[in-house]
Amino acid sequence: MPWINPDMPFESQMQDFLTETEGMGRSGMLHHWVMIRPWDNAILGLIGFDRVTRSGKAHWNLGYWVRSSEQQHGLARKAINAALQWMGEVEESWIELKVDPNNPPGRSTVMRAVRDWKGERCIDGDSAITVAGVRTKHECHLIKTGPSLGPR
């Protein structure tokens, strides 16, 4: 979760996030899900949509976070596919995915989704994002979802 400030108490940041998520979720401005391991209810990650887009074309931005101990097991890929399929159940919609080009595993995950969903690069949507106090230009990719669309 790139917005976490390591110099501030984690609990208060999470409480603020959950309060905002609940309010905006009720108004249809964002949708978030927790990834939970079923046999012990451990939180493995988060995935969600919000309306903070930069491309000028997308309706939603898709972001995700997977606990470091759970990475490299396909969890992000499965969650991204499920979230994109959910978003496309009713109508067509363009979705932005942002990725730090200096994060090879994250970039690989996003590029696989872009390839599987026949997405495209969107240089106009590139934007600087601060993660752990470091500002980095993230690449923007677009995926179109819809009732007849899905991973191929």
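Here, each number is a calculation from the coordinates, and none is a lab measurement. Since we're looking at a predicted model, the values are computed, not measured. In this analysis, Cβ positions are derived from the backbone assuming ideal geometry, glycine residues included, and neighbour counts consider all displayed protein chains.
Here are some notes:
- E20-S148 FRET efficiency (beta carbon distance; Förster radius 30 Å; 0.05 resolution): 0.30
- Prolate/oblate/rounded label for the stretch 1-71 (Cα gyration tensor, a/c 1.5): prolate
- Highest-first packing order for the peptide set 7-17, 64-74, 117-127 is 117-127, 64-74, 7-17, based on the mean count of other beta carbon atoms within 10 Å.
- Of N81, N102, N41, the one that fluctuates the most in a GNM where the chain has Cα springs shorter than 10 Å: N41
- Fewest-first ranking of T109, T19, T136, using other Cβ atoms within 10 Å as the exposure measure: T19, T136, T109
- Candidate lysines for bridging to K57, where Cα separation is under 18 Å - those fewer than 8 sequence places away on the same chain excluded: K98, K118, K144
- Average projection, convex hull of the Cα set of the chain: 9.6 square nanometres.
- Sorted by Cβ density within 10 Å, fewest first, the residues I80, I129, I43: I43, I129, I80
- For the chain: relative contact order, % (alpha-carbon pairs under 8 angstrom, 6 or more apart): 22
- Geometric descriptor of the stretch 113-152, per residue, is 79 Å³ (volume of the convex hull of the Cα atoms).
- The relative contact order of the stretch 1-61 comes to 19 percent, based on Cα pairs under 8 Å that sit 6 or more residues apart.
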